Structure formats: structure tokens, C-alpha cells
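**Q** This structure is in C-alpha cells; I'll ask about it shortly.
The values are calculated or read from the model by the stated rules, or taken from the named source; none is laboratory data. Please read all numbers here as calculations on a predicted model, not as lab measurements. Heads up, the Cβs are rebuilt from the backbone with ideal geometry, glycines too, and the neighbour counts pull from every protein chain shown.
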Amino acid sequence: MSNRIAFNPQDRFVVSIGNTLIVTTRSGDTFGHDITGHTADRFFQFAGAKAAFNTVDRFVTTMGNMLIVITQSGDVFGHDVSGRTIGPGFKFAGSKAAFNAVDRFVVTIGNMLIVTTQNGDVFGHDVSGRTIGPPFKFTGSKAAFNGARDRFVVTIGGTLIVTTQNGDVFGHDVSGRNIGPPFKFSGSRMAFNPEDRFVLTVGNTMIVTTQSGTAFGADINVRDIGAIFRLNPDLSIRLHAKVWTNPTIPIQTMLTRMQDVFGAAGIGVVLASSQDFTGTNIITALRDLDVVPTCPAGQLTGEQIQLFNNRDNVGEFDVVAHFVRTTSPALNGCASHPDDVFGAAVTQTASVWTLAHEIGHVMGLRHIDGENTNCPDSMPRCCSTPNVSRLMTGCSTNNIVGTPVLVQSEIDTLGSSSRTRPS
Ligand SMILES: [Zn+2]
């Protein structure tokens, strides 16, 4: 299972830059997992320099695209990270940082290095280029002074976030050189299992990794922690997005909603690639895609065949979503595809659930039964009794309320699809 995160005993620090989670090891080898929405991709190894392999290296954090390593004596080293390459190490000029035995956590907010101590005092250093500014003490509240009860400290935006042993999460808004009073986040509790090993943030998502390498996440929205999702399910679908027209609802939003529905079924959705065909030098006719009415399986127009022939990056067991402007006749999406490439078209006016629904069809799911009770013979699919709690409603995903579900028989179908692979 190559999407397990930081499960080796030699894994030492886990941090993030952009949407990439970074694991440093005792040997100095560095590994990454790209995170798109609510699913982590398989690991890759960074090229370039080794990092944080000295036993005296005590803290690792990130600032912008820099990996920052602080030693027991307070020396601060940096590596610029560019794509999947770790740049050579350099030593910061200026002040030492976090060399006191009582220093417990080092995090960053903007260009500030923030050191919390055992007694809750918080110190900062402004970092300018490759120079560490002199230490200053924050005014205001103390933070993370409850000894072992405070287990992890991370940041999101300008907020310092403290996770406790029982899973309660507290925050302090940091404003300039002042630490705001503590507040407790509402919503999910985080990182309360003894086997939880690392906590980090990627964007507004808080991520908890465990000793076995399974990882969980929850989105933080202001002072609330959302529902916990499994970040790296054992099974996953690799999805490629080919964008002919950007849909009204951002692809990222549709993807994340799809990850939520499929994730609840134990199946991750990895965005394996995204290709932009919105430029002028492409076959514009395909943006308005002719389809066979009602999109019967295996029946394709010449345009659909042409569309699916664009298969850069798409591996044998992968799935592709083509985002087009319209279909003719007009639909939210159409799941007909050639036998040798699994995929669907999704239109500009698609609902937030269309991507998940159409890929559901591609994976073998059919519309649910029971939505067409007592329909007249003239209109056998009249949607007299729609079930808007199900992803595979045949009465338009526009009408879905809340997060729709997949039932066990549907989950079994997804699990047995050739497109669902061990992660
Ligand atoms: Zn459908």
C-alpha cells in the first residue's frame, strides 16, 4: 500500500509545502505525497539534497517553499524546495533559534518562526531572506503549556492550533506580535488515539497520520472542525481531468464532494493528472459534444470517439473525465465511453454531484430503482418518487440534498470494478 504515510520507524518529521505532504527520514531521504482535496496520492521520493539527517536536528518546519531544519544548538538550515527536488542545504545568518531545552514546538506563520516553550511562553523570529531576526517574546496569551496533554501544535493561516491528548483542539489567533486568548474549536475531535503519530496542515485541512500509515483529515472552517475523512483509503480510483471548458462549479469542488461520497465507501479518488484544452489551438467542436440520446453504454458518436482519443497520461486502469461546455442533447453529463478507455463527459452546468454520479456509472453503477412509481405509460421514467439522498438517483443530481450515499450493493460494485485498485 504505497499511499500509506509515514509508517516507517525511521520517518522523523512530517510537514507540508503547498499541497504536498513531506516526510523526512533519519537517513535524510525525503518522500512526498500530493494531496488533492480529500485524497492523498502514492508516495514519491524527492530528488536532490538529503535533509534533516543529523541526529542533532531537532525541529523541521516550512516557510513558503523552504524546508527549515533547526539543530539542538539553535543553528538554522534551509533547503529551497522546487517541485520534487530538494535544493542544497544553506545555513541561515543571524540569530539562533529554539535551542533551549524548554522549547517544545516550532511552527511558522507567514515569515515568522514561532517557538512555544514548556511554560507557555511564545517567542518569535522574523525571517528575512536567509537571515533569522533576533528573538522577541509575544505579548498576550500563553499557549500550549499543559505539558504532555498538549500533544501537537500546527498553524493554519494566522491561527496557532493546539491539539490535546483527548482530542480537544484549541486555537489562538496571532496578530502581529500578540497571541490572542485561547478558544476551543467546535466540531470533530482530532488526534486522540495513542497511535496517532504526526499532525500537520495542508491548506485548511488538518491531517493526522498514524503509526500504521493510515491518515485522516478534517477541514477547518473558521473555528469549526469538519467531519473526519480517511485521507488514504486502501483502494482508490485514479482520475484524469481533461478540461475543454471550465465548469461553473470548480472541478476541485466536484472532486472533493466525489471524494467524500466514494471515501465513505472506502475508495479514494486520486487526481492523477489535469490537462488544459481550453486554449484556442484545440478541436473546439468537441466542447459542444454530440452524444447518443440517453447515453446508452457503449454507443458513441464520432465526436465522443474523438474526445476519448485524447488519452495523454491515462493509464490502463485509470478513469478520465472530460469537462465539456455542453452536450447535444443537453445533459449534465454522459457516461458512455469506448471499451478501452473508461470515462465520462461532464458539462459546464453540471451539479456539484455530476462528476461523482457519472464516474459512478463508469464504475458499473446504475440508476436506483423506485423513483418511477405509478408513472403513466407515456412517460415511464416520470420521477414521481425521487430519492434525493442517493448519488445514483436517475432524477437529476441537481436535486440532491446533503451528501448523498452509496448503499452496500453499490459499494460492492465499486469495489469489484477493474478501475478500483489497491492504492
Ligand atoms: Zn445517471
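**Q** Quick check on this structure: which one of 29, 41 is under 26 Å from residue 253 (Cβ atoms) and of a type outside the set (Ser, Thr, Tyr)?
**A** 41
**Q** Considering 316, 303, which residue is modelled with pLDDT under 95 and more than 16 Å from the ligand (Cβ to nearest atom)?
**A** Result: 316 is the single residue among 316, 303 that is modelled with pLDDT under 95 and more than 16 Å from the ligand (Cβ to nearest atom).
**Q** Sort out which residues of the stretch 414-423 are under 12 Å from residue 265 (Cβ atoms) and either surrounded by 17 or more Cβ atoms within 10 Å (Cβ to Cβ) or of a type in the set (D, E, K, R) (or both), and write them in order of number.
**A** If the condition is that a residue be under 12 Å from residue 265 (Cβ atoms) and either surrounded by 17 or more Cβ atoms within 10 Å (Cβ to Cβ) or of a type in the set (D, E, K, R) (or both), then 414, 417, 420 are the ones that fit.
**Q** Ok, one more. Of all residues being hydrophobic (A, V, I, L, M, F, W, C), over 11 Å from residue 368 (Cα atoms) and assigned to a loop (DSSP other than H, G, I, E, B) in the stretch 393-410, which is nearest to the ligand (Cβ to nearest atom)? Just the residue, please.
**A** Checking each candidate, the answer is 400.
**Q** Between a residue in the stretch 348-371 that is polar (S, T, N, Q) and any residue that is not in a loop (DSSP other than H, G, I, E, B), which pairs come within a Cβ distance under 6 Å, given they are 6 or more apart or on different chains?
**A** 351/397; 351/398; 354/333; 354/346; 354/397
**Q** Which residue, of 381, 390, 421, 366, is among the basic types (Lys, Arg) and more than 16 Å from the ligand (Cβ to nearest atom)?
**A** 421
**Q** Identify the residue in the stretch 319-346 that is more than 15 Å from the ligand (Cβ to nearest atom) and among the β-branched types (Val, Ile, Thr) and, among all such residues, is surrounded by the fewest Cβ atoms within 10 Å (Cβ to Cβ).
**A** Taking the stretch 319-346 first, the residues more than 15 Å from the ligand (Cβ to nearest atom) are 319-320, 322-326, 328, 338-342.
After this cut, where a residue has to be among the β-branched types (Val, Ile, Thr) as well, the list is 319-320, 324, 326, 341.
On the way: 319: 24, 320: 27, 324: 26, 326: 15, 341: 17.
Selected residue: 326.
**Q** Among the strands (runs of 3 or more DSSP E) contained in the stretch 94-170, which hold 1 or more residues that are touching a helix residue (DSSP H, G or I) at 6+ places or on another chain (Cβ under 7 Å), at pLDDT 95 or above and within 22 Å of residue 63 (Cα to Cα)?
**A** none
**Q** Can you name every residue in the stretch 250-273 that is assigned to a loop (DSSP other than H, G, I, E, B) and in contact with a Leu (Cβ under 9 Å, 6 or more places away or on another chain)?
**A** If the condition is that a residue be assigned to a loop (DSSP other than H, G, I, E, B) and in contact with a Leu (Cβ under 9 Å, 6 or more places away or on another chain), then 265, 266 are the ones that fit.
**Q** Residues in the stretch 274-306 that are of a type in the set (A, V, I, L, M), within 19 Å of residue 349 (Cα to Cα) and not in a loop (DSSP other than H, G, I, E, B): how many?
**A** So the answer is 3.
**Q** Within the stretch 269-281, identify whether any single residue is more than 16 Å from the ligand (Cβ to nearest atom), on the phi > 0 side of the Ramachandran plot and surrounded by 15 or more Cβ atoms within 10 Å (Cβ to Cβ), and answer yes or no.
**A** No: the stretch 269-281 contains no residue that is more than 16 Å from the ligand (Cβ to nearest atom), on the phi > 0 side of the Ramachandran plot and surrounded by 15 or more Cβ atoms within 10 Å (Cβ to Cβ).
**Q** So, of the residues in the stretch 286-296 that are exposed (fewer than 13 other Cβ atoms within 10 Å of the Cβ) and over 11 Å from residue 328 (Cβ atoms), which turns out to be farthest from the ligand (Cβ to nearest atom)?
**A** Among those that are exposed (fewer than 13 other Cβ atoms within 10 Å of the Cβ) and over 11 Å from residue 328 (Cβ atoms), it is 296.
**Q** Collect the residues in the stretch 161-191 that are surrounded by 16 or more Cβ atoms within 10 Å (Cβ to Cβ), closer than 28 Å to residue 34 by Cβ and in contact with an Asp or Glu (Cβ under 8 Å, 6 or more places away or on another chain), keeping them in residue-number order.
**A** 162, 163, 185, 187
**Q** Based on what the data block shows, is residue 349 away from the ligand (no atom under 16 Å from the Cβ) and either in a loop (DSSP other than H, G, I, E, B) or aromatic (Phe, Trp, Tyr) (or both)? Reasoning before the result, please.
**A** Values: away from the ligand (no atom under 16 Å from the Cβ): no; either in a loop (DSSP other than H, G, I, E, B) or aromatic (Phe, Trp, Tyr) (or both): yes.
No: the conditions fail for residue 349.
**Q** Moving on. Could you figure out which of (1) under 18 Å from residue 37 (Cβ atoms); (2) modelled with pLDDT of 95 or more isn't true of residue 223?
**A** The failed condition is (1).
**Q** A further question follows. Look through 60, 107, 14 and report the one residue that is crowded, with 16+ Cβ neighbours inside 10 Å and within 20 Å of the chain's Cα centre (by Cα).
**A** It is 14.
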